[in-house]
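Before any comments, here is the structure.
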Amino acid sequence: MAHEKIILGIDPGTTIMGFGLIKIVDKKMQFIQMNELQLKKYTDPYTKLKLIFERTLQLIDTYHPDEIAIEAPFYGKNVQSMLKLGRAQGVAMAAGLSRQIPITEYLPKKIKMSITGNGNASKEQVAKMLQGTLGLKSLPKNLDSTDGLAAAVCHFYNEGRVEIGKNYSGWEAFVKANEGRLKK
């Protein structure tokens, strides 16, 4: 009997949230879909977070992923940007956790390294590599959806490795792992 698993990859953002889904059948990847949630037209940050949460739940309820891989926010020069990305990531994670789906975070460099072999690869290089690997006919105009897809593929490539990122199997695991920070 074939072993099947679906992985949802998410590139969180408050302007565009990219996502991609792959199916694993007997250790082989199959592309399901990739797309993005456009949030540019919304000015209220809480509306954006609500839409990210709802879209993530919709993806979960439609495709029933077994696992979620999400790009972790990285610290750049702008602390406010990192805070916004962290909130976007948090509501996407909350959606998965509310459905008891295991979540793994990956740093952007780890995702790029897994896909291209270069942790400093450009979005275009990652997209081209995914296009070849998954046999995609074309690439989207915005590459946020390929970034979400890259998170899912990275998760597949890193499956079974001891240290692949932070894992949460549900609310209890998340709370236990973050007890010290939550009590402050």
Go through Lys28/Lys50; Lys23/Lys110; Lys23/Lys84; Lys28/Lys84; Lys27/Lys109; Lys23/Lys141 and tell me which ones have a Cα-Cα distance over 32 Å in this structure.
Lys28/Lys50; Lys28/Lys84
Explain nothing, just compute: Karplus ³J(HN,Hα) = 6.51 cos²θ - 1.76 cosθ + 1.60, θ = phi - 60°, for every residue of the range 45-57 in order, whole Hz, x for Gly and Pro.
x, 6, 5, 4, 5, 4, 5, 4, 4, 5, 5, 5, 4
How much accessible area per residue does the range 15-149 have, in Å², with a 1.4 Å probe?
53
Taking amide hydrogens as modeled 1.01 Å from N in the peptide plane, which residues meet the under 5 Å criterion relative to Gln33, leaving out close sequence neighbours?
Leu21
When the Karplus curve 6.51 cos²θ - 1.76 cosθ + 1.60 is applied with θ = phi - 60°, which whole-Hz ³J(HN,Hα) does each residue of the range 120-135 get, with x for Gly and Pro?
10, 4, 7, 4, 5, 5, 4, 4, 5, 5, 5, 4, x, 5, 9, x
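Which order do peptides 78-86, 65-73, 128-136, 3-11 fall in by mean Cβ count within 10 Å, highest first?
Peptide ranking by packing, descending: 65-73, 3-11, 128-136, 78-86.
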5 Å is the cut-off here: which amide hydrogens, built 1.01 Å from N in the peptide plane, fall below it relative to Leu107, excluding neighbours closer than 5 in sequence?
Ala72
Amide H contacts under 5 Å for Glu159, restricted to residues at least 5 apart in sequence or on another chain and with H modeled in the peptide plane, are none
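The values are calculated or read from the model by the stated rules, or taken from the named source; none is laboratory data. Remember, predicted model here, so these are calculated numbers, not experimental data. Glycine also receives a Cβ, built like all others from the backbone with ideal geometry; neighbour counts cover every protein chain displayed. Ligands, DNA and RNA are excluded from the accessible area calculation, which covers all protein heavy atoms including side chains. Shrake-Rupley method; radii C 1.70, N 1.55, O 1.52, S 1.80 Å.
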